[in-house]
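Below is one structure, written out as structure tokens, with a few remarks after it.
The values are calculated or read from the model by the stated rules, or taken from the named source; none is laboratory data. Note that the structure is a prediction, hence the values are computed from the model and not measured. Every residue, glycine among them, receives a Cβ derived from its backbone with ideal geometry; neighbour counts consider all protein chains shown. Areas reflect the complete protein model, heavy atoms only, side chains present, ligands, DNA and RNA absent. Shrake-Rupley method; radii C 1.70, N 1.55, O 1.52, S 1.80 Å.
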Amino acid sequence: MSTTFLKNISYLATFDDGYGEVGREMTDGGVLIRDNVIVAVGPMSEFADVVADRVLDLSDHVVMPGMINTHHHFYQNLTRVMVQDDELFVWLKTLYPIWAKLDDRAMETASRMAMAELIMSGCTTSSDHQYIMPNDCTLDTPIRVAQEMGLRFHAARGAMSRGESKGGLPPDSCVEGEEAILRDAERLIHRYHDMSDHAMTRIVLAPCSAFSVTQGLMKDAARLARMHPGVRLHSHIAEVLSEEEYCIATYGMRSVAYAESCDWLGPDVWFAHAIFLNDAEIKTFAETGTGATFCPSAHMRCGLGIMRAREMLDAGVTVGLGVDGSASNDTSNMFMEARMAQYLQRVAPDRYLSEAPGGRGGFGGTPGALSAREALWMATRAGAKLLGRDDIGQLAPGKSADLIAIKRTRLGLAGTQRDPLAALVMCGPFEVDHSFINGVQIIDQGAFTRLDVAAALADHAATMDRIYA
């Protein structure tokens, strides 16, 4: 056994239970880690007699749990800043043929780059929704890369089975047979899905969308997932009005009713986006325990709309954060996503002002719609709940040793002594100075301990040249 003691923490936020909005917050704190598990958390006065194998002084640092990204498409960082100004269905139909050229080597390169960005921005656990499997691609590759990088990983076996010839959106060259999809999903579950405490790898079943898979595959995936403890279900829902129109035309019902018809509501299900939910559908999510991922940067970048996150939270829906794909956000930074979540909710239309005195038009927002601490809670505890975990997302005895530290003596944090935790959201985005995942230091003084960044960038550039040749 080995022990690590993080001492003299300038500002420590635990996000643990029973202590207010985000758990205990304290100055001059300490965290004791044994192997991969937190042993003790508290003020330095409680650690007078501590002896550890390694001691790290975090004076002038803010420490909090590592953040949890609950929606991404790693492979898309090979197609950044493309299709900048078109609506989603055009965006997809333009990119599908490019993604169809990817091979497993390209997926490896893209996964490594995406994970590096996430880790540097404070993410310690991520899900990834790989829904296109062209050529020799497998989900085994990003799982292996996550193991090499040290990232805690929920690998979502995505799928598209309904091509254009069968009334779907993707070209037939991008889809798979449904029997093959289910066989591979079961193989991945048996090989990688780990339900032990502090597990580093779990499997998620994730048919892509209502317009790219059949109702039969949705039902079969739900049935397969529920045969294996802890295998959760994930997909897109209510992302764009064109999807709603497609569901009504194809299935005779709106997206949430369609999900219900496929047995895709419940506490083991979470959806990305959920922008166009009405009051009754929000209530359905709350009553069934179905969760949602807010991806504010992608929602703005693609001109999709504003998720009703405030109303969903008030109704009791678990809402986490996701950076979404690198082609629909273009930046994989969890601090930025928390900031955008807070600010986008504040400008969500609250009242129409066209009939105000003087004939003013426009929409008015609500400055108290989402606090910085709520945004960070979404990025930590809510994300853990969406993934079905109670061992991550907080700093408390017995929990996984996943935490990040950000140095306060930097230009962007000058003048934030009044509230250094909120400053991580409102003054960001930032990169971390230290990151521990499962007790292993992955970032040390702003540098990776397990990644040659220059080599990774060179490999990424060479892959881009090869794919686009």
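Looking across the stretch 222-234, the residues that are open to solvent by less than 10 Å² (accessible area, probe 1.4 Å), in contact (Cβ under 8 Å) with a residue 40 or more places away in the chain and either hydroxyl-bearing (Ser, Thr, Tyr) or within 16 Å of TYR131 (Cβ to Cβ) (or both) come down to ALA225, HIS234.
Of the strands (runs of 3 or more DSSP E) lying entirely inside the stretch 1-56, those carrying at least 3 residues that are aliphatic (A, V, I, L, M) and open to solvent by 20 Å² or more (accessible area, probe 1.4 Å) are 37-43. Considering ARG112, ARG105, the condition of being part of a helix (DSSP H, G or I) and over 19 Å from the mean Cα position of the chain (by Cα) is satisfied by ARG105 alone.
Tell me the helices (runs of 4 or more DSSP H) entirely within the stretch 360-460 that contain at least 1 residues that are aromatic (Phe, Trp, Tyr). Can you show your working first?
Numbers: elements: 372-377, 383-386, 420-426.
Filter on the stretch 360-460 gives 372-377.
The combined condition, being under 30 Å from TYR192 (Cβ atoms), part of a helix (DSSP H, G or I) and modelled with pLDDT of 95 or more, is fulfilled by LEU224. Criterion first (modelled with pLDDT under 95, over 22 Å from the mean Cα position of the chain (by Cα) and not in a helix (DSSP H, G or I)) does LYS93 satisfy it? It is false that LYS93 is modelled with pLDDT under 95, over 22 Å from the mean Cα position of the chain (by Cα) and not in a helix (DSSP H, G or I). Screening ASP49 with (1) under 24 Å from LEU457 (Cβ atoms); (2) modelled with pLDDT under 95 gives one miss only, at (1).
Summed over the stretch 196-210, residues that are within 18 Å of the chain's Cα centre (by Cα) and open to solvent by less than 20 Å² (accessible area, probe 1.4 Å) total 10.
Suppose the filter is assigned to a loop (DSSP other than H, G, I, E, B) and more than 19 Å from LYS385 (Cβ to Cβ); does SER161 pass it? Walk me through it before giving the result.
Working: assigned to a loop (DSSP other than H, G, I, E, B): yes; more than 19 Å from LYS385 (Cβ to Cβ): yes.
Yes: the conditions hold for SER161.
Does VAL83 satisfy the condition of being of a type in the set (A, V, I, L, M) and either surrounded by fewer than 18 Cβ atoms within 10 Å (Cβ to Cβ) or part of a strand (DSSP E or B) (or both)? Here the answer is no, as VAL83 does not meet what is asked. Before we move on, is GLY398 in contact with a Lys or Arg (Cβ under 6 Å, 6 or more places away or on another chain), modelled with pLDDT of 95 or more and open to solvent by 20 Å² or more (accessible area, probe 1.4 Å)? Spelling it out, it is not the case that GLY398 is in contact with a Lys or Arg (Cβ under 6 Å, 6 or more places away or on another chain), modelled with pLDDT of 95 or more and open to solvent by 20 Å² or more (accessible area, probe 1.4 Å). Quickly run through the stretch 212-221 and pick out the residues that are open to solvent by less than 10 Å² (accessible area, probe 1.4 Å) and assigned to a loop (DSSP other than H, G, I, E, B). Hits for the stretch 212-221 are SER212, VAL213.
Say we look at the stretch 86-109 and pick out the residues that are of a type in the set (Asp, Glu) and touching a helix residue (DSSP H, G or I) at 6+ places or on another chain (Cβ under 6 Å); which of these is surrounded by the fewest Cβ atoms within 10 Å (Cβ to Cβ)? Before you say what the answer is, go through the steps one by one.
Just the residues of the stretch 86-109 that are of a type in the set (Asp, Glu), to begin with: 86-87, 103-104, 108.
So of that shortlist, the ones also touching a helix residue (DSSP H, G or I) at 6+ places or on another chain (Cβ under 6 Å) come out as 104, 108.
Numbers: ASP104: 16, GLU108: 20.
Step by step, filter the stretch 86-109, then rank; the result is ASP104.
The C-beta contact set for the stretch 429-445 (first residue of a type in the set (Gly, Ala, Ser), second residue assigned to a strand (DSSP E or B) and crowded, with 22+ Cβ neighbours inside 10 Å, distance under 6 angstrom, 6+ apart or interchain) comprises SER435/ILE404; SER435/ILE442; SER435/ILE443; GLY439/ILE33.
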